[in-house]
1. Do the conditions hold for A:Gly6, that is, is it of a type in the set (Gly, Ala, Ser), part of a helix (DSSP H, G or I) and buried (at least 22 other Cβ atoms within 10 Å of the Cβ)?
2. Working carefully through the options D:Phe35, D:Phe46, find the one that is modelled with pLDDT of 95 or more, open to solvent by less than 10 Å² (accessible area, probe 1.4 Å) and assigned to a strand (DSSP E or B).
3. Quick check on my filter: what residues within segment C:158-168 are within 25 Å of C:Asn116 (Cβ to Cβ) and more than 7 Å from chain B (Cβ to nearest Cβ)?
4. (1) within 14 Å of chain C (Cβ to nearest Cβ); (2) buried (at least 21 other Cβ atoms within 10 Å of the Cβ); (3) not in a loop (DSSP other than H, G, I, E, B): which one isn't true of B:Pro140, the others all being true?
5. Can you spot a residue in segment B:82-105 that is closer than 25 Å to C:Pro10 by Cα and touching a Gly at 6+ places or on another chain (Cβ under 8 Å)?
6. Which members of segment C:66-80 meet the condition of being open to solvent by 20 Å² or more (accessible area, probe 1.4 Å) and more than 21 Å from D:Glu170 (Cα to Cα)?
7. On the given criteria, is C:Lys43 among the charged types (D, E, K, R) and under 11 Å from the mean Cα position of the chain (by Cα)?
8. Under 8 Å between Cβ atoms, at least 6 apart or on separate chains: pull out the pairs that start in segment D:27-54 with a residue that is more than 22 Å from A:Arg52 (Cα to Cα) and end on any residue that is assigned to a strand (DSSP E or B) and of a type in the set (Phe, Trp, Tyr).
Protein chains: 4
Amino acid sequence: MFILIGEILPHIAKNIELLMEFEYDENLKNKLNSFLDAIINAKNIFVFGVGRSGLVGKAFAMRLMHLGFNAYVVGETICPSFKEGDLLIVISGSGETTLTKEIAKKADNVVAITCNIPNTLAKISNIWIPICISKNEYLPLGTAFEFMAFIFLDVVVALLMKRLGISENEMKDRHCNLQ
Amino acid sequence: MFILIGEILPHIAKNIELLMEFEYDENLKNKLNSFLDAIINAKNIFVFGVGRSGLVGKAFAMRLMHLGFNAYVVGETICPSFKEGDLLIVISGSGETTLTKEIAKKADNVVAITCNIPNTLAKISNIWIPICISKNEYLPLGTAFEFMAFIFLDVVVALLMKRLGISENEMKDRHCNLQ
Amino acid sequence: MFILIGEILPHIAKNIELLMEFEYDENLKNKLNSFLDAIINAKNIFVFGVGRSGLVGKAFAMRLMHLGFNAYVVGETICPSFKEGDLLIVISGSGETTLTKEIAKKADNVVAITCNIPNTLAKISNIWIPICISKNEYLPLGTAFEFMAFIFLDVVVALLMKRLGISENEMKDRHCNLQ
Amino acid sequence: MFILIGEILPHIAKNIELLMEFEYDENLKNKLNSFLDAIINAKNIFVFGVGRSGLVGKAFAMRLMHLGFNAYVVGETICPSFKEGDLLIVISGSGETTLTKEIAKKADNVVAITCNIPNTLAKISNIWIPICISKNEYLPLGTAFEFMAFIFLDVVVALLMKRLGISENEMKDRHCNLQ
């Protein structure tokens with residue numbers, strides 16, 4: 001059985017290396033830069049995804065709150081109205097998830113994080129972040145996309161910390177302290 | 001079978017009449033008044049409950065957001081740090097729910113909405129709102145407390161609308177429009 | 001201020017009386033009966049709603065689990081695939097909520113709980129449960145529908161207990177005991 | 001700015017390599033093996049965590065359901081009673097999260113996934129899975145633990161697929177199809 005760890009971890013590591021393209025590829029670098037600008041300039045940031053993509057989105061939304069942004073998760077209790085100047089970030093491996101498309105259609109400022117194959121969300125979004133993945137039979141369904149999106153968004157958090165000069169202590173100070 | 005509706009609805013209606021005590025009973029009237037003041041004076045309002053009491057709390061937190069308050073649900077993604085000047089509202093039929101007590105212990109400004117039997121949450125809270133209910137074998141577990149808390153908190157929303165002069169249209173304008 | 005309680009509670013009580021029509025009106029009585037049959041005959045029961053309607057749906061799904069049914073909330077983590085023999089229950093005041101309609105379109109056995117004005121969900125569902133409500137300026141947005149749906153579904157729980165001979169103790173035994 | 005990607009991704013990759021110890025280190029290998037056995041032998045599997053650890057737990061619980069296990073998330077609507085023969089999996093970077101400890105104390109069969117520093121959850125659990133991480137100022141708060149736990153649990157899914165001979169197609173067939 002344990003042979004598998006030695007097979008699967010290098011495959012995961014190889015996937016993560018693919019994210020280096022956001023530094024080396026001029027087009028991807030520009031997209032990432034536009035994504036950071038969109039976050040920094042938004043009045044409120046809304047995040048949505050279905051299933052595990054939604055969980056990845058929530059993990060990112062929580063860090064946006066820690067960074068001091070007004071972040072909301074569509075579908076959670078206190079999500080307000082989307083207004084001019086706001087930003088919606090949607091996450092979907094296929095870019096074809098029904099509910100995610102319906103929600104994206106209602107917003108007029110959308111960043112879509114999907115796989116790198118052209119898709120509906122890519123088409124209807126203002127900024128498309130394509131995540132290149134390498135599949136494997138033991139990374140079933142959207143697994144590879146999901147951990148890649150998780151790590152990509154943690155990299156985005158790191159870039160925002162650096163660009164805005166936000167320390168870990170400031171983030172800790174905003175961290176929920178009742179649980 | 002349908003005889004039961006004729007039995008159970010009058011029992012539910014009788015329960016709801018019990019809420020009139022918040023107008024007639026001086027002590028309850030003062031408690032309600034203090035609750036409204038605590039909401040109006042809070043910088044941020046946190047809501048928590050477990051199970052169906054938690055769902056009732058979320059329904060109330062959503063309306064607090066529609067009314068223009070900074071409301072958060074403990075356990076949801078973007079719940080920030082509880083600070084001085086903030087308010088925690090906890091809901092628990094028994095007043096003895098483990099997680100709810102743990103969370104209440106960490107806040108220093110707590111309103112507890114529980115049944116009217118003395119209990120731990122009542123004791124450790126700054127304001128205790130006791131809800132008097134009449135049980136019935138066909139209102140199993142916390143059912144009577146839960147719909148009573150739901151309706152009581154909708155009455156609180158009505159009182160806040162009236163006191164603050166907030167119209168339904170203002171609330172509609174804040175209502176999530178992406179779903 | 002407190003005059004309002006005396007205005008609003010009787011209005012809420014009047015709303016609840018409207019539910020008696022499910023006993024007196026032959027058409028509504030048949031609809032309720034079909035709803036109970038659909039629950040009892042379903043392999044798995046899925047529940048969905050957006051916003052406070054969704055919270056009402058979750059409160060009902062929890063009781064279905066306590067009653068011994070295989071109940072799931074669409075959008076929560078462990079919601080499985082909808083298959084032949086399964087039932088979807090959707091809740092929406094207007095019957096026009098975008099996400100709810102999209103989900104209902106994907107299932108082939110749907111009960112829709114909405115207001116009593118003809119609407120899309122009513123049209124595309126197999127069983128339509130129309131809830132008659134009386135609005136009021138201090139019951140903003142979907143408030144009246146939501147507490148009516150909450151109480152109506154608690155009545156459905158009572159009817160299922162009676163019809164299936166399920167005791168409160170059996171339900172207590174299935175109640176989550178880790179929180 | 002973009003220098004940072006070239007700094008942070010290799011650090012993330014280095015972290016992931018640390019998971020290889022679950023193949024090389026005899027003690028960790030045995031722990032992993034016991035964890036797999038505990039999952040396979042459980043009647044029902046409950047998962048809990050707070051914050052981003054909770055999101056990681058939900059991502060794993062969803063895959064457990066896809067694999068055919070009876071998985072539940074503590075705190076979600078349809079979580080039933082924990083009984084003899086059931087398993088609770090808790091996730092907490094520090095191993096000291098208040099709510100997670102309270103829940104773990106109520107179950108008698110617990111797997112704790114935490115950092116590799118001795119802690120309360122490690123002590124009160126039946127199986128302790130210590131995750132070794134390498135921190136960095138741009139992986140704030142629990143970030144490194146969280147993506148490591150995410151990936152570790154995806155490796156566990158891969159191992160379960162292999163050991164039980166479960167194909168991606170079977171998992172796809174159980175995947176929620178209403179959204």
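1. Taking the combined requirement at face value, the residue does not satisfy it.
2. D:Phe46
3. C:Leu160
4. (3)
5. Within segment B:82-105, one or more residues are closer than 25 Å to C:Pro10 by Cα and touching a Gly at 6+ places or on another chain (Cβ under 8 Å).
6. Matches in segment C:66-80: C:Gly68, C:Phe69.
7. So C:Lys43 fails the test.
8. D:Lys31/D:Trp128
The values are calculated or read from the model by the stated rules, or taken from the named source; none is laboratory data. Remember, predicted model here, so these are calculated numbers, not experimental data. Don't worry about glycine lacking a Cβ; one is built from the backbone with ideal geometry, like all the others, and counts go over all protein chains shown. Only protein heavy atoms, including side chains, enter the accessible area calculation; ligands, DNA and RNA are left aside. Shrake-Rupley method; radii C 1.70, N 1.55, O 1.52, S 1.80 Å.
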